[in-house]
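Every number in this text was worked out from the coordinates using simple rules, so none of it is lab data. Please read these numbers as outputs of a predicted model, since none were measured by experiment. Note: ideal-geometry Cβ built from the backbone for every residue, glycine included; neighbour counts use all protein chains shown.
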């Protein structure tokens, strides 16, 4: 998964810190991502969770309806 970060503080191996306006990271170079716990309650994730539940419910209803049909109907 590729990422674009903005307002980045970069620390070089020698300890020198530099500020960059944006950085693009290729997915194959990313090893670990730590996100703050507060993101769990972010509005955007609540919308995604609600949409996922709705889609799962619709899928379940379709599967139940499909099981009630007989051949040729």
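For the chain, the longest principal axis of the alpha carbon atoms and the long axis of helix 43-68 meet at an angle near 30°. Distance between the modelled labels on residue 8 and residue 51, one decimal in nanometres: 2.7 nm (7 Å Cα→Cβ projection). An ellipsoid equivalent to the range 4-44, defined through the eigenvalues of its Cα gyration tensor, has semi-axes of 23, 14, 12 Å when rounded to whole angstrom and sorted largest first.
Here the spin labels are modelled as points 7 Å beyond Cα on the Cα-Cβ line, and at residue 60 and residue 18 they lie 5.3 nm apart. Pick from 38, 17, 30: which is most flexible by mean-square fluctuation in a GNM of the chain where alpha carbon atoms under 10 Å apart are linked? Per the Cα network of the chain with a 10 Å cutoff, 17 tops the list.
Could you give the Stokes-Einstein D for the chain in µm² per second, using the C-alpha Kirkwood radius, 37 °C, 0.692 mPa s? Taking Rh from Cα pairs, D becomes 192 µm²/s.
Of 40, 52, 19, the residue with the greatest mean-square motion in the GNM of the chain, using alpha carbon springs below 10 Å, is 19.
Using a simple spin-label model with pseudo-atoms 7 Å out from Cα toward Cβ, residue 26 and residue 40 lie 3.5 nm apart. When the chain is treated as a GNM with alpha-carbon contacts under 10 Å, the residue of 42, 50, 12 showing the greatest mean-square fluctuation is 12.
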